[in-house]
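Structure, as structure tokens:
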Amino acid sequence: MNNTAPIIDENKKQTTIISDLRELFKAGVLLANVLPVFAGFWLALYFTNTPFLENWQLFLLTISGSTLIMGGALVINNWYDVDIDTIMKRTKNRPTVTGHMSLKTVLRIGIAFSIIGFILLLLVSLEAAVYGLVGWVTYVLLYTMWSKRKYTLNTVIGSVSGAVTPLIGWAAIDSAIHIIPLTLFMILFIWQMPHTFAISIRKYDEYKAAGVAMLPVVHGIEVTKRQMVTYIACLLPLPILLASLGTTFLVIATILHVAWLVIAISGFFTNNNQKWARINFLCSVNYIVIIFSLMIIVTI
């Protein structure tokens, strides 16, 4: 008797479940938002001279709460956008599209995670919970349900939800009405514009087919290039506000900014928009990972 078939089927089933959950929670996006929360928390400890070991439980609560509320928002986005996700190639593997999960189940998961995440943030601090709620409302209601399909301003609105993450981390320790967390907010807010524009140029045909009001679809790629360069240029002076992190941080951050700006400007002299957008996307990802990781490293 051959008993390998049931084992193989079970392995495939487990792989499918893991893949579905990864797509449902947009694992890459979710993990990318954890780093700024941690950076905000860590820098708050550093600037208030607060020991980490005395606050490790608060740290776990902060990371758990922020991850759950963000995960809930991302799941509800999948639930609401199932019609356009069916059209776009980049989202065709989401369980809402494949039918591996019912829309009712997905909505319940999104709501449950959002509520639990918010409650955990309330246990951290009222201010942290407020920032979490602002991020959730901005992403779910103002971005997903209101502006995404109607206005190119959707990118600006959606950027707020990602930018509040370091404020959540900092507010776990102290009030985030402080130059450092507010600067982190501005870096993330501005960074998301060229990052998202690069994606929308790469996926131009998909967004156009789905009727999503992304800037290159509505106003053209050349206009988008100009806005990308403008936003990247606006990032340039922000590290100066973080001068207290030291010379090493300022030098590396400036080099990253200038390099990305030069690459962005090169877009005015190329007709290969897809290649240019892909390079800018990679620049944006590496930029944000390096700069936030560096903030932590120089303060260890």
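The values are calculated or read from the model by the stated rules, or taken from the named source; none is laboratory data. These figures come from a predicted structure and were not determined experimentally. Neighbour counts run over all protein chains shown; Cβ positions are idealised from the backbone, glycine included. Note: areas computed on protein heavy atoms with side chains; ligands, DNA, RNA excluded. Shrake-Rupley method; radii C 1.70, N 1.55, O 1.52, S 1.80 Å.
With the full set of protein chains in place, find how many percent of the accessible area of the chain is carbon and sulfur; take the probe as 1.4 Å.
The computed percentage sits at 67.
In whole Å, what are the extents of the chain along the principal axes defined by its C-alpha atoms, from largest to smallest?
The Cα atoms of the chain stretch 66, 54, 43 Å along the principal axes, largest first.
Under a point spin-label approximation (7 Å from Cα along Cα-to-Cβ), what is the residue 50-residue 119 distance to one decimal in nm?
Distance between the two pseudo-spin positions: 2.4 nm.
Place a point 7 Å from Cα of residue 266 in the direction of its Cβ. Which residues in the stretch 195-232 have their backbone N less than 13 Å from it?
Output list for this probe position: empty.
Take the stretch 208-300, drop everything but the C-alpha atoms, weight them equally and run the Debye formula without solvent; then report log10 I(q)/I(0) at 0.11, 0.23 Å⁻¹ to two decimals.
The calculated log intensity ratios at q = 0.11, 0.23 Å⁻¹ are -0.39, -1.14.
So what's the stretch 173-225 giving for Rg/Rh, alpha carbon basis, Kirkwood Rh from the mean inverse pair distance?
1.22
With N set to the number of residues, divide the alpha-carbon radius of gyration of the stretch 131-276 by 2.2 N^0.38 Å and report two decimals.
Rg over 2.2 N^0.38 Å, computed on Cα atoms: 1.14.
Sorted by accessible area (1.4 Å probe), largest first, how do 170, 136 line up?
Largest accessible area first, the residues go 136, 170.
Taking a 1.4 Å probe, which of 234, 283 shows the most accessible area, and what order do the others take after it?
If we order 234, 283 from most to least accessible, we get 234, 283.
Not counting ligands, DNA or RNA, and with a 1.4 Å probe, what is residue 139's accessible surface area in Å² rounded to the nearest 10?
Roughly 40 Å² of residue 139 is accessible to a 1.4 Å probe.
For the stretch 143-235, which trypsin sites (Lys or Arg not before Pro) pass both filters: DSSP loop (anything but H, G, I, E, B) and at most 12 other C-beta atoms within 10 Å?
Answer in residue order: 150.
Quickly work out the residue 208-to-residue 32 label distance, labels modelled 7 Å from Cα along the C-beta direction, and quote it in nm with one decimal.
Between residue 32 and residue 208, the label points sit 2.4 nm apart.
If a paramagnetic tag sat 7 Å from the Cα of residue 293 along the Cα-Cβ line, which residues of the stretch 158-175 would have the backbone N under 19 Å from that point?
Those under the cut-off are 166.
State the extension gain, in nm to one decimal, for the chain segment bounded by residue 102 and residue 285, taking 0.36 nm per residue of separation less the distance between their alpha-carbons.
Gain on stretching residue 102 to residue 285: 62.6 nm.
Report the residue, chosen from 53, 74, 142, that carries the largest GNM mean-square fluctuation when the chain is represented by alpha-carbon nodes joined by springs under 10 Å.
So, out of 53, 74, 142, the one fluctuating most is 53.
Kyte-Doolittle cut-off 0.5, length cut-off 20 Å along the helix's own axis using Cα: show which whole DSSP H helices in the chain pass. Don't skip to the end; give the middle numbers.
On the way: long enough: 4-24 (30 Å, -0.50); 27-47 (31 Å, 1.86); 56-80 (36 Å, 1.02); 103-124 (32 Å, 2.29); 179-202 (35 Å, 1.45); 221-235 (21 Å, 0.62); 247-265 (27 Å, 2.32); 273-297 (35 Å, 1.14).
Counting only whole DSSP H runs, the qualifying helices are 27-47, 56-80, 103-124, 179-202, 221-235, 247-265, 273-297.
Nearest 0.05, what FRET efficiency do residue 57 and residue 226 give at R0 = 41 Å with Cβ-Cβ as r?
Given R0 = 41 Å and the Cβ-Cβ separation, E is 0.30.
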